[in-house]
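Structure provided below as structure tokens; questions to follow.
Bear in mind these aren't lab numbers, they're just calculated from the coordinates by the rules spelled out. Note that the structure is a prediction, hence the values are computed from the model and not measured. Cβ sites come from the backbone with ideal geometry, for glycine too, and all protein chains shown count toward neighbours.
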């Protein structure tokens, strides 16, 4: 296992010797981190969470208690995974093949969930691979995501649908002074909506 000097791994955690854990990260009670995981700096993996083989996590990610992050998921910097979230990896799940033989690792091809910078997945939400959650998007608690989520989108429901926009602060955006503009009440940032996508206005 490759770790930096300031990594904290509690005794009940199961961390593979073949995982790479970044400086300042913490892995808590009963969590499992599998072989080939690449975890960035200052990450937190909560109690009972599972990080699958070869999962890639950027810096400053938080994976809360009992979340299941199945390979080959990719989490960019600053991603938040809420309690009991599931990131799936099998599009057509079956325990057995069509001939009733038990499926093994060679009988299916894992597909992953990609979560871009700063995005948040609420408690008990499920992201069904393969989907991409755009940067700074928010998936509401209990949602089931079955298609890509654009950057800054707020999605909720089963299946998840966009119900609004959020900024980097996580707060819902409010309508701006002109049509198709939105404003973050926390930062004052202005965003422009075009054909179902949102971009931040630059100075």
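Label points 7 Å out from Cα along the Cβ direction at residue 192 and residue 12: separation in nm?
That separation, rounded to one decimal, is 5.3 nm.
Of 76, 17, 119, which has the largest mean-square fluctuation in a 10 Å C-alpha GNM of the chain?
Checking each option, the largest mean-square fluctuation is seen for 17.
Nearest 5 is fine: what % of DSSP beta bridges in segment 91-150 come out antiparallel, could you say?
10 percent
Report the antiparallel proportion of the DSSP beta bridges in the chain as a percent, rounded to a multiple of 5.
The antiparallel fraction comes to roughly 30 percent.
What is the Cα centroid distance between segment 124-203 and segment 6-65, reported in whole angstrom?
That distance is 28 Å.
What percent do you get for the relative contact order of the chain when only Cα pairs under 8 Å and 6+ apart count?
RCO, the chain: 10 percent.
Expressed as a rounded percentage, what relative contact order does segment 1-106 have, with Cα pairs under 8 Å and six or more residues apart?
Normalised by residue count, the contact order of segment 1-106 is 17 percent.
Next up: In what sequence, highest mean first, do 7-13, 86-92, 132-138 appear when ranked by Cβ atoms within 10 angstrom?
132-138, 86-92, 7-13
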